[in-house]
1. Between helix 15-28 and the chain, what is the angle of the helix's C-alpha long axis to the longest principal axis, kept within 0 to 90° and rounded to the nearest 10?
2. Please give the contour-minus-distance gain from V88 to R64: 0.36 nm per residue of separation, less the Cα-Cα distance, rounded to one decimal in nm.
3. When the expected Rg is taken as 2.2 N^0.38 Å, what fraction or multiple of it is the alpha-carbon Rg of the chain?
4. Taking the Cα centre as origin and putting +1 on Lys and Arg beta-carbons and -1 on Asp and Glu beta-carbons, what dipole magnitude results for the chain, to the nearest 20 debye?
5. Might you tell me the accessible area per residue for the chain, computed with a 1.4 Å probe and given in Å²?
6. With everything on Cα atoms, drop me the angle between helix 31-42 and the longest principal axis of the chain, reported from 0 to 90° to the nearest 10.
7. So what's the back-of-envelope 222 nm ellipticity for the chain, counting only DSSP H runs of four-plus at -39500 (n - 2.57) apiece and dividing by all residues, rounded to 500?
8. Within the accessible area of region 18-112, what % is carbon and sulfur when the probe is 1.4 Å and the other protein chains stay in place?
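The values are calculated or read from the model by the stated rules, or taken from the named source; none is laboratory data. Predicted, not measured: the structure shown is a model, and the values here were computed from it. Positions of Cβ are backbone-derived with ideal geometry, glycine not excepted, and every protein chain shown enters the neighbour counts. Calculation scope for accessible area: heavy atoms of the full protein, side chains included, ligands and nucleic acids excluded. Shrake-Rupley method; radii C 1.70, N 1.55, O 1.52, S 1.80 Å.
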Amino acid sequence: IHADTTAYLALGRSIDAAARATRAVLATGSAREVDDLLGIVSDRMRLDDPVAVQALLDAYGGTRIVHGHTPIASLLGVDPRSVTGPLVYCDGLVTNVDHCLFAGGPGFVTRL
């Protein structure tokens, strides 16, 4: 997923439902609906609770969540150049791969 949030659930309780809702907003939505959609996909830092993580996994399936959008360097309070791998958290169920390229992070490739 793009961001570390359960807000996606507002779009639908399955991947297909969320995709249909997103497609509809992008195709014919009002400016307010598009803004609301951007708010959903830009929300962050909501997956530190195992209950929230499990709710997302139960709705959309899978065994873990991989996301970007929230720079690892910002979360850890470190120089982006020092981030050389993903941040795995919430008992291994969530992996953050935002390596902060825009601020000088070197980037990385990780095997999922």
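1. Taking Cα atoms only, the helix is inclined about 70 degrees.
2. Length gained between V88 and R64: 7.6 nm.
3. Computed over Cα atoms of the chain, the ratio equals 1.14.
4. My answer is approximately 260 debye.
5. Value for the chain: 59 Å² per residue.
6. For helix 31-42, the angle is close to 30 degrees.
7. Value at 222 nm, helices only, nearest 500: -11000 deg cm²/dmol.
8. Whole-percent figure for carbon plus sulfur exposure: 56.
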